[in-house]
Structures are given as C-alpha cells and as structure tokens.
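Working notes, beginning with the structure itself.
The values are calculated or read from the model by the stated rules, or taken from the named source; none is laboratory data. Since we're looking at a predicted model, the values are computed, not measured. Cβ atoms come from the backbone with ideal geometry, glycine included; neighbour counts cover every protein chain shown.
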Amino acid sequence: MTSSPGAGSAPEISGLGTRMRTLLELLESDIATLYPALGLDGYRPRFTPVVRALTAHGPLPIRDLARAMGVTHSAASQTVGQMSRRGLVALAVGEDARRRIVRLTERGRALVPALDAEWAAVQAAKAELEAELPYPLEELVLATLRALERRPFRERIADAARELPELPELPDPPVTPA
C-alpha cells in the first residue's frame with residue numbers, strides 16, 4: 001500500500017476525521033493505480049458505485065442512484081457530473097422536468113468487464129486486509145453508520161459539551177427534512 005507521512009502512526013493531534021480521510025485516500029489511491037493497466041485512464045474509484053448501480057438497476061434518477069449508492073444526492077450529482085464530462089454517463093430529463101435520469105453511455109458500458117475484474121481483485125484484497133484486523137472493517141463502518149443514523153454525532157458532541165464547563169452551550173442542531 002502507498003504510504004504517506006504519519007500513515008504508520010496515529011499522532012495525538014489528528015482526529016478521527018483526519019484518520020478516516022487518510023485511510024480512504026490510501027485505499028482509493030492504491031485502487032486508482034490499477035486503472036491505467038486496465039485501459040481506464042482518467043477513471044476514478046468514486047465512479048465505480050455509479051457504474052455498478054446503473055448496471056444492476058438500469059437508468060435511474062439521481063435521487064434513486066444516490067440511495068442505491070448510500071450517498072447524499074449532492075455527492076451523487078457531483079460524481080455524475082464528472083462522469084458525464086468524461087462521456088461515461090448521459091443525463092436526460094425525466095417525466096418531471098426537475099428530475100434528471102442517469103444512464104451509462106456505450107463508453108461507460110464498455111468498462112464493465114474490466115471493472116468487474118477490478119472489483120473481484122479489490123474484494124479479495126479487502127478480505128486479506130480484514131483478516132489482519134481485529135474487526136472486519138466493512139462491518140465496523142456499517143455498524144458506525146447505523147449508530148449515527150440512530151443518534152447523530154452532533155447530538156453526541158452536544159451532550160459531551162454539556163459535561164465540560166469550559167465550553168459554551170451549543171445550539172440545537174438544525175432540523176433536516178427526512
């Protein structure tokens with residue numbers, strides 16, 4: 001795996017978010033090194049969930065694509081925009097003019113066999129990595145996401161802050177529509 005400064009240690013000044021970004025950057029940068037050998041120049045790891053979802057479900061509105069990928073609408077929209085500029089997906093207006101339907105282009109569909117092989121290799125490498133860990137990483141990430149769905153981190157921070165007299169009272173988190 002590619003190393004970066006501090007990747008082998010966990011400095012006290014780095015928080016959980018920094019460590020998670022470092023982990024993701026290490027994983028994604030190493031996956032990206034496979035793409036040129038597969039003829040996938042300019043392809044990014046974040047495109048694969050879009051390709052896999054569209055291959056499995058066919059054309060989808062961005063909202064449904066985001067749901068299938070487990071990301072926000074904004075994140076899906078940004079990724080789709082990048083893929084559209086590379087000619088991998090096309091957008092069409094849906095029945096409701098506010099909806100945009102995403103479909104793989106011929107160029108995008110042509111990548112599927114190489115991406116299937118890459119996916120199998122990544123899954124095997126993930127299994128090897130998880131065998132070295134005290135807990136399966138994927139299960140830990142999913143359990144963490146479920147816990148945060150039950151009780152957002154913002155609420156946990158606010159409760160912890162109440163116990164620290166040097167911190168001011170934090171405002172209630174904004175209410176987001178479901």
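Side notes on the structure shown:
- A count restricted to segment 104-151 and to residues that are surrounded by 12 or more Cβ atoms within 10 Å (Cβ to Cβ), more than 24 Å from P59 (Cβ to Cβ) and polar (S, T, N, Q) stands at 1.
- Selected residue (criterion: modelled with the highest pLDDT) from residues of segment 57-112 that are touching a Ser or Thr at 6+ places or on another chain (Cβ under 9 Å) and of a type in the set (K, R): R109
- Qualifying residues in segment 50-77 (those that are free of Cβ contacts under 8 Å to residues at least 24 places away in the same chain and within 15 Å of R103 (Cα to Cα)) - the one surrounded by the fewest Cβ atoms within 10 Å (Cβ to Cβ): A56
- Complete set of residues in segment 65-112 that are of a type in the set (G, A, S), in a helix (DSSP H, G or I) and under 27 Å from L145 (Cα atoms): A66, A68, S74, A75, A76, S77, G81
- Exactly one residue among A178, A161, A147 is modelled with pLDDT of 95 or more and either over 21 Å from L26 (Cα atoms) or in contact with an Asp or Glu (Cβ under 9 Å, 6 or more places away or on another chain) (or both), and that residue is A147.
- Complete set of residues in segment 11-64 that are part of a loop (DSSP other than H, G, I, E, B) and of a type in the set (G, A, S): S14, G15, G39, G42, G58
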